[in-house]
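Right, one structure below, let's go through it.
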């Protein structure tokens, strides 16, 4: 392709609307344009990147035994009524009516659609397992679409659904998809981690998120460099920390004026913060009060707490609600509470002679020994992991990072097959629900995540596997017939070698072309200048490292191929 | 691919809902399933066909200089307000609101979107011409979706938009697209004609429809086998037919009781029907009366008449309206009419001493000589073409056929660029509107049209270029280890030769597999039976002709390749 033929309108200024780097750079590089909030046009360069990601995804899905199909974007409401999700989905679902006043939605996901499809054509265990997938637009009416393609309202996803006879079959399908996802993100040239994620109400280790590591990531993750353990911070399992055993002293109440925070009371009493017990009060969707207790230097993990008490939502409790169960904000302990659910982190139970509120204003207990003093409490792991916490698998200290969720694999079990009656006859003629899994890759989000991970002050740095073009040839002076002749010769040679090459034949200053090349982020730039004419050498510049090498014209091609293999 | 791994649930019965053959066969062959009226899931076999058509379209668009991008399916209403089409489009447009109550539609087409995109980034003549295209779902809320994929509400289209400096540029872009479309339908292996179509109010020869010839086609076309002329019946240009010159006799009125039809008056007076003048009365959207006159054996072409008088709609005139302008239903001629537009077909003007109504009950004129007797009439070509009419280009008799519109190329001119202010600066710094064209291919419709053109009583007969697989290997007895070994060997050899082959490894009777192979319509079937084991020969059967050939295993591959090249 020649740049004069390419529709890639680059911008000099960073558009004010763009909050994150991928959004800024894709606008500036002429890759996307906004049509409405969270709704974008993908211009030719972005479309090339998306096609490459799609093709990698497609190959890995096919290799894993997946079959591609295409379900409608427009889905009739009836399907969603069958599972009850029409009412549950809320404002995030785009809904519309046809001219006959029938309800439809724009698919945010396709469990209902695929399950009803399969139930009508699959009857026997002989037809299982089955893995069906599609790559298409998905729709989610985000309350605040932002960050460009990171959180759009119309976005491209691959979604695969597996149907198995039983849990063992699902385990195999899940493993195939886990491996395929690992291949996908590896082949895209991305630094990523597959982390154990929160499976919500279903629980268990039945879901992994594939996180592209990037400082701008919305998710905090922990990982172990010693083993392959990695988890979403909300999910990371933690074993109780054992404190040194002490003789249990008698409980006493002490005055602690103006010590509403853990830091204040710890300082006032001259007690290590690790010997304090911190209280956090919540209310669930039924307005019931839930009191959570963790060690003074720890934080409550909302997701774990929510799962522990089976709450749909948790919000901070009101002062009235706390007082109603016998608590005093800023001075709480489990002792003396009535009518609230009390959840104590397992580490707290291992503490000796600790400090906690006395449920009276300006007073604390000393010498609390939880195993002795706490009654009717739920003990479990509810704390948030911290830097230096030990790996639950190997005990080595964990590291933290931030990630962008680009893929998720999920064991659904029989949730949808039971609700939608997707049954099959097993080897003994018994009717059983199919066991399902679902597996998503955010295709447009992966493109944005690749940029969030790979950029510098000059622009994007594409991994070669998903670059819109891998090589750009820049003739310094397009009016110089000899330079242009060499540039054209290289262009033809690279095309013949099946390298995706762009010839920047615009009559612009070299500086403008260099800036665009850096902004768009082609992995390699070949400069054809006076040296090419006089000495027969061209310069190959590596976008990622900034290194530049001079090669004679008989050697450059082999070096382009060698360098691309490393990028 | 192995059939046991392929999700292609075939049906024995023809579903009652399916009215046309493509719909019936795609349901039976396990290619599509209905999700809602006019909304379908494409199962893996259909998806493979669609991908092949898409790839052919993509290559031809790229070769013609098109650049692929992807615009949103969800379009904000504001764009459509700018052209006024939000209000004009009516119930055919799917509309929805987001959570903030903003209006959107599901794109039925993308002129507004592409024009506003281009206007914001293209400023100079140097950036033109530009051809941008996409392949994606389109939406049209048909009042009565039917015929399966032939008239769906969610369907796949390729739409390309061209932007040029001037009409000459548009002519070039239009020609490129016309040629690309010719390549597309040729490469798909379809029998088609590019016909001149009606351009509506814009007029002129600025649009062609690409018609896949099929008896079930909704459109009637005429074509010439002597030259390459072809046209939609509504569009076909006709030159006036010259009658033998006669001496003009004096006009007279004769009694013609009970002769309200042309046949009746012609019989009563003993005059050839070709010497009668037929009248048809219409009213336009303003209730104005339009009287059309054609020769007795001709029919009025509504589309031509509509264009001739610039009407938005035409309906049959009421009796009152006819009487009000001085006409008498059944006995009309232009003579004596007041307050109506009179349109006379050019052939009528060449008649001598003809018969027409006298605008009195049961009375006709004889010896009408239009050139002498008709005043204040609009003379133009308003008749419908008939079998045997001469080709307007070469004069040979025309043939008729029925066709399915699978593509259309259209010169838009400056309609959208003016409305949306898509301007550029020309070489002299003057601001001008871009000159546009739009070019559509119905991708999913082309798949259906291919079936409407290529089927028999056993099922589909795919052209090899768009077949889901080109070869199916059927081992007669999967329990016979020797047969299976040969089948597997052939399977690997064909795959290695880059032939898209399916191995029917199901433990079914051979008859069932043969039926499925015929139903789905793979171009070639290779049967591996006892002869393969005993004599080393396999049978290749050609789906289209039913011919079967035995080949030794060292010769079959070359013959597969040879046969596929002809299919």
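Summarising the label geometry, the points placed 7 Å from Cα in the beta-carbon direction at residue A:92 and residue A:168 lie 3.6 nm from one another.
With distances taken between every two different alpha-carbon atoms, segment B:209-354 has a Kirkwood hydrodynamic radius of 17.3 Å. Listed from fewest to most Cβ neighbours within 10 Å, the set B:348, B:233 follows the order B:233, B:348. Each copy carries residue B:495; placing its label point 7 Å along the C-beta direction from Cα gives inter-copy distances of 3.5 nm, listed from smallest up. Based on Cα contacts under 8 Å between residues 6+ apart, segment B:1-67 shows a relative contact order of 24 percent.
On the beta carbon distance between residue A:400 and residue A:346, with R0 = 30 Å, the FRET formula returns roughly 0.90. The label point for residue A:62 and the one for residue B:426, both projected 7 Å from the Cα toward the Cβ, are 5.0 nm apart. Which stretch or stretches of segment A:206-224 have amide N atoms under 17 Å from the point lying 7 Å from residue A:14's Cα along the Cα→Cβ direction? The answer is A:215-217. When both segment B:351-379 and segment A:1-71 are represented by their alpha-carbon centers, they are found 68 Å apart.
For segment A:482-551 and segment A:235-274, write down the distance between their C-alpha centroids in whole Å. If you average the Cα positions of each part, the centres end up 66 Å apart. Global size of segment A:138-258: 21.3, 64 Å for Rg and Dmax (C-alpha atoms, Rg to one decimal, Dmax whole). Extension gain, residue A:485-residue A:550: 0.36 nm per intervening residue step, less the Cα-Cα distance, totals 21.6 nm. In the assembly of identical copies, residue B:387 has its label point, taken 7 Å from Cα in the direction of the beta carbon, separated from the corresponding points by 8.8 nm (ascending, one decimal). Between residue A:100 and residue A:226, the modelled labels are 6.5 nm apart [label points 7 Å from Cα along Cα→Cβ]. Starting from the Kirkwood Rh over alpha-carbon pairs, what translational D in µm² s⁻¹ does segment B:321-421 have by Stokes-Einstein at 25 °C and 0.890 mPa s? Here the translational diffusion coefficient equals 141 µm²/s. Averaged over the residues of peptide B:87-99, the number of Cβ atoms from other protein chains lying within 10 Å of each residue's Cβ is 4.
What separates the residue B:481 label point from its copies, with the point 7 Å along Cα to Cβ, is 7.5 nm, written shortest first.
Normalising the average separation of contacting C-alpha pairs (under 8 angstrom, six or more residues apart) by the number of residues puts the relative contact order of segment B:252-380 at 28 percent. Sorted from greatest to least, the principal axis extents spanned by the alpha carbons of the protein assembly as shown come out as 136, 78, 76 Å. Its relative contact order, with pairs defined as Cα atoms under 8 Å and 6+ residues apart, puts chain A at 16 percent.
Going by Cα centres, segment A:384-453 and segment B:87-141 are how many Å apart? Comparing the Cα centres of segment A:384-453 and segment B:87-141, I get a distance of 36 Å. Residue of chain A with the Cβ closest to the rotation axis carrying A onto B, and that distance rounded to whole Å: A:96, 2. Rounded to the nearest angstrom and listed largest first, the equivalent-ellipsoid semi-axes of chain B from its Cα gyration tensor are 53, 33, 22.
With the highest mean first, a sort of the peptides B:458-469, A:237-248, A:116-127 on other beta-carbon atoms found within 10 angstrom per residue produces B:458-469, A:116-127, A:237-248. Taking other Cβ atoms within 10 Å as a rough exposure proxy, B:331, B:210 sort from fewest to most as B:331, B:210. For the segment A:31-37, counting C-beta atoms of other chains within 10 Å of every residue's C-beta and taking the mean gives 5.
Bridges between two residues of segment A:474-549, per DSSP, are antiparallel at a rate of about 75%. Available extension along the chain between residue B:507 and residue B:495 is 2.1 nm, counting 0.36 nm per residue and deducting the alpha carbon span. Estimated from the Cβ-Cβ distance and a Förster radius of 45 angstrom, the FRET efficiency linking residue B:182 and residue B:254 is about 0.20.
Pairwise inverse Cα distances across segment A:469-566, averaged and inverted, put the Kirkwood hydrodynamic radius at 13.1 Å. Segment residue B:218..residue B:419, full-extension length gain: 69.0 nm, with 0.36 nm per residue of separation and the alpha-carbon distance subtracted.
Read the figures in this text as sums done on the coordinates, not as results from a lab. What you are looking at is a predicted structure, and each value in this text was computed from that prediction instead of being measured. Please note: Cβ atoms are built from the backbone with ideal geometry, for glycine as well, and neighbour counts cover all protein chains shown.
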